[in-house]
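K.L.:
Just dropping this structure here.
The values are calculated or read from the model by the stated rules, or taken from the named source; none is laboratory data. In this text, all values refer to a predicted model and were calculated from it rather than measured experimentally. Here the Cβ positions follow ideal geometry from the backbone for every residue, glycine too, while neighbour counts run over all protein chains shown. The accessibility values were calculated without ligands, DNA or RNA, using every heavy atom of the protein model including side chains. Shrake-Rupley method; radii C 1.70, N 1.55, O 1.52, S 1.80 Å.
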Amino acid sequence: NSPVDLQISAYTDLMGLAQDFLFLATAYGKIIISEVYLDDASKTIKPIELGGVAGGSKYIVHDILFKFALDTEGIYGGDNAAAAKVAGHELKGLQGFFNCSLPALSLPPICLVDYRGFRLIAESLLPIDRSTLVYGSCDCGRTVKSDGVFEVLMKRASRMLNIAPHRGGLIPSERKVLYTATDIEGHLGTDGRYYLLDLARTFPCERPRELRPGVNLALLLRPELVKRYREPLCPDAYSNFASKSYNGAIDRATEYMIELVIPGLA
């Protein structure tokens, strides 16, 4: 077979895998949502304890992790609509990195299940754990890692996405140069592949226009605007993970969006 034939075959297999994932995620997601008000003992699919502060109950079926997009911990001031929006950002982030076409980078299949007023995010389980983290942070920025191979991959992706390199981390003296948001995680899986996940903050926030919890997590600039903007933008701007010096570019991009882009579409 020619290289073109092999590429076509690989894409065909990938499409079949994606369709199978979408079918299973939708079918089991509807069951989970349908039983949301039942006590755990009566549920067909039982919730499990995985830790973490975001979202409600979590479930695993056929190696797919399901998480409710709910603000159970008050991260967004009790606004479940904001939590659902952030779940949508996860999918946008995945699409952004997928379109970078980096062969060495692996991404998990993800989909959203919207049913009966609830949103679930469904994501394939990966061969990773806390010990496989080599880039970013899995503890809210307290510890930041930056593996050499992953750094090269993220540097290439950041140029295509127009993301600004910056020093990221919760503790200023221990910040490291990153090319993504601090809490995006890069793992060297037990199978030897490089995986990227937790992509909700791939793109920067717009300038916060009101003081309410989580506004910098929910209101993000569109990927199309970020890519075409005249200067790179920092996804950790307006957060505790980076210096306030990155906020100015976000302010200018927001003004550009409000004064020029939006009126041009009206």
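K.L.:
What relative contact order, as a whole-number percentage, does the stretch 155-266 give when Cα pairs under 8 Å and 6 or more residues apart are counted?
P.N.:
It rounds to 27 percent for the stretch 155-266.
K.L.:
Still on this structure, I have one more. For Ile60, put the label point 7 Å out on the Cα→Cβ axis and report which residues of the stretch 15-39 keep their amide N under 18 Å from it.
P.N.:
Within reach of a label on Ile60, which here means backbone N under 18 Å from a point 7 Å along Cα→Cβ, the stretch 15-39 contributes 25, 28-29, 32.
K.L.:
Is any residue of the stretch 63-98 close enough, with backbone N under 18 Å, to a label point placed 7 angstrom from the Cα of Arg212 along the Cα-Cβ axis, and if so, which?
P.N.:
Counting only backbone N, you get 70-89.
K.L.:
With volume of the Cα convex hull per residue in Å³ defined as stated, name the option among [x] 159; [y] 170; [z] 140 computed from the structure displayed.
P.N.:
[x]
K.L.:
Apply the Debye scattering formula to the stretch 176-231, with a single equal point scatterer on each alpha-carbon and no solvent, then give log10 I(q)/I(0) at q = 0.13, 0.17, 0.21, 0.28 Å⁻¹.
P.N.:
Once normalised to I(0) and log-transformed, intensities are -0.46, -0.70, -0.92, -1.15.
K.L.:
Which value results when the Cα radius of gyration for the stretch 182-266 is divided by 2.2 N^0.38 Å?
P.N.:
Here the answer is 1.26, to two decimals.
K.L.:
Could you let me know the centre-to-centre spacing of the stretch 87-130 and the stretch 201-221, using Cα atoms, in angstrom?
P.N.:
Each part reduced to its Cα centre gives a spacing of 20 Å.
K.L.:
Work out the FRET efficiency for Arg156 and Ile48 from their Cβ-Cβ distance, taking R0 = 41 Å, and round it to the nearest 0.05.
P.N.:
Efficiency, rounded to the nearest 0.05: 0.65.
K.L.:
Here is a further query. Report relative contact order for the chain in percent, whole number only (criteria: Cα-Cα under 8 Å, sequence separation at least 6).
P.N.:
For the chain, the relative contact order is 15 percent.
K.L.:
When the accessible area of the stretch 1-157 is split by element with a 1.4 Å probe, what percent falls to carbon and sulfur?
P.N.:
Answer for the stretch 1-157 is 57 percent, counting heavy atoms of protein chains only.
K.L.:
Report ³J(HN,Hα) in whole Hz for each residue of the stretch 204-212, in order, from the Karplus equation J = 6.51 cos²θ - 1.76 cosθ + 1.60 where θ = phi - 60°; Gly and Pro get x.
P.N.:
Computed from phi, the couplings for the stretch 204-212 are x, 7, 7, 4, x, 9, 8, 9, 8 Hz.
K.L.:
Let me ask something else about it. Exactly which trypsin sites (Lys or Arg not before Pro) in the stretch 78-164 are in a DSSP loop and have at most 16 other Cβ atoms within 10 Å?
P.N.:
Passing sites in the stretch 78-164 are Arg116, Arg142.
K.L.:
Let me have the 222 nm mean residue ellipticity of the chain computed from DSSP H runs of 4+ only, each contributing -39500 (n - 2.57), with the sum over all residues rounded to the nearest 500.
P.N.:
Helices in the chain give a 222 nm mean residue ellipticity of -10500 deg cm²/dmol.
K.L.:
Using a Gaussian network model on the chain with a 10 Å cutoff between Cα atoms, which of Ala104, Ala218, Ala181 fluctuates the most?
P.N.:
For the chain, modelled as a Gaussian network with Cα springs under 10 Å, the answer is Ala104.
K.L.:
Cα-Cα over 31 Å: which of Lys46/Lys145; Lys176/Lys227; Lys46/Lys85; Lys92/Lys145?
P.N.:
Checking Cα-Cα distances, Lys46/Lys145 exceed 31 Å.
K.L.:
Further question on the same structure: What nm distance separates the two modelled labels at Tyr11 and Ser131, each placed 7 Å from Cα along Cα→Cβ?
P.N.:
So the label points at Tyr11 and Ser131 sit 4.0 nm apart.
K.L.:
Considering the zone a paramagnetic label at Tyr256 would reach in this model (a point 7 Å from Cα along the Cα-to-Cβ line), which residues of the stretch 159-183 have amide N under 18 Å from it?
P.N.:
159-166
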